[in-house]
Amino acid sequence: MLLFRSEEHVDKWCSVHTLPKRPLVDLEQLWTLAKEWYSSRLTPEARRPMGAEIRAIFDRLGLTDPFWQS
Amino acid sequence: MDNDALVQQYVYRFTADHGRPPASSAVASALGIDQQEVLAAFRRIHGRRLLVLARTGEITMAPPFSAVPTPFRVEVTDREYFANCVWDSFGIAAALHGDAKIDSSCACCGEPMVLRIFDGQPLPEPAVAHFAVPAAHWWDDITYT
């Protein structure tokens, strides 16, 4: 997952690399994803979200495009 | 606590304290476990998608932490870490529950960018993140998403 200054820079990067443009993630959404994935990572109970949990997280963030189906 | 849990806990605690994941030999020495058993534990923990391993069996990623320098340098309470991607750069702040300064750059133009997590929130910055690979295929090659 890469960082860009703006959507225009994503467009240019996709064009240069002949890759399809995917749904963008803003910093607030990214922070929520980071917390959901990693806030308990240093604890004995650490585990990665899986399957339905991931879908629920994406749904809560409005990431409903088929791109996000895991 | 079984060996896998001990190894997982040690790896993440060591990484938080030292800025990079430990070698299997260091884990074996610290926990008094045979090194081959540590490597086997690494593989089982990888199976739960909590570690990424090199062909040697050593750790290359203990997500969100990277074992090697990357374009996502993260500073939390005066300690330096490297993240595997922009998501993981925020993930280090989330895992350590601290304020963070992230030094990176725009993947398109290369211009330096600084992101900050302060008091549990990202500070506003003109920035977006972009995946090249759909979510269902992230773990086909987790080094390229």
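The values are calculated or read from the model by the stated rules, or taken from the named source; none is laboratory data. Since we're looking at a predicted model, the values are computed, not measured. Cβ coordinates were reconstructed from backbone atoms using ideal geometry, including for glycine residues, and neighbour counts include every protein chain displayed. Keep in mind that these areas ignore ligands, DNA and RNA; they rest on the heavy atoms of the full protein, side chains included. Shrake-Rupley method; radii C 1.70, N 1.55, O 1.52, S 1.80 Å.
State the answer as a single residue: which of B:Gln36, B:Pro22, B:Tyr81 lies farthest towards the positive end of the charge dipole of the protein assembly as shown, with beta carbon charges of +1 for Lys and Arg and -1 for Asp and Glu, about the Cα centre. Farthest towards the positive pole: B:Gln36. Calculated translational diffusion coefficient of the protein assembly as shown (10 °C, 1.306 mPa s; Stokes-Einstein with Kirkwood radius over alpha-carbon pairs) equals 89 µm²/s.
Here the Karplus relation 6.51 cos²θ - 1.76 cosθ + 1.60, evaluated at θ = phi - 60°, turns the backbone of the range B:46-54 into coupling constants of 4, x, 9, 6, 10, 9, 10, 10, 7 Hz, with x for every Gly and Pro. To the nearest 10, the accessible area of B:Met61 is 20 Å² with a 1.4 Å probe.
To the nearest 10, the accessible area of B:Tyr81 is 10 Å² with a 1.4 Å probe.
Can you compute the helix-only [θ] at 222 nm over chain B? Use -39500 (n - 2.57) per DSSP H run of at least 4 residues, normalise by all residues, nearest 500 deg cm²/dmol.
Per the formula, -10500 deg cm²/dmol.
Expressed as a whole percent, the accessible surface of chain B that belongs to carbon and sulfur atoms is 51, based on a 1.4 Å probe. Dividing the alpha-carbon radius of gyration of the range B:3-62 by the rule-of-thumb value 2.2 N^0.38 Å gives 0.95. Relative contact order of the range B:3-62, taken over Cα pairs closer than 8 Å and 6 or more residues apart, is 32 percent. Note on chain B: Cα convex hull, mean projected area over all directions, 9.5 nm².
Taken one residue at a time, the phi angles of the range B:85-91 give Karplus couplings (6.51, -1.76, 1.60, θ = phi - 60°) of 6, 5, 4, 5, 5, 5, x Hz. Gly and Pro are set to x.
Normalised by 2.2 N^0.38 Å, where N counts its residues, the alpha-carbon radius of gyration of the range B:73-140 equals 1.15. The mean sequence separation of alpha-carbon pairs under 8 Å and at least six residues apart, normalised by the residue count of chain A, gives a relative contact order of 23 percent. Let me confirm one metric for peptide B:109-120, namely the mean number of other chain beta-carbon atoms within 10 Å of its residues' beta-carbons. Average per residue, whole number: 2. Taking amide hydrogens as placed 1.01 Å from N in the peptide plane, the amide H of B:Ser105 sits under 5 Å from those of B:Met113, each at least 5 positions away in sequence or on another chain.
How much accessible area per residue does the protein assembly as shown have, in Å², with a 1.4 Å probe?
Working: 10270 Å² over 215 residues.
The answer is 48 Å² per residue.
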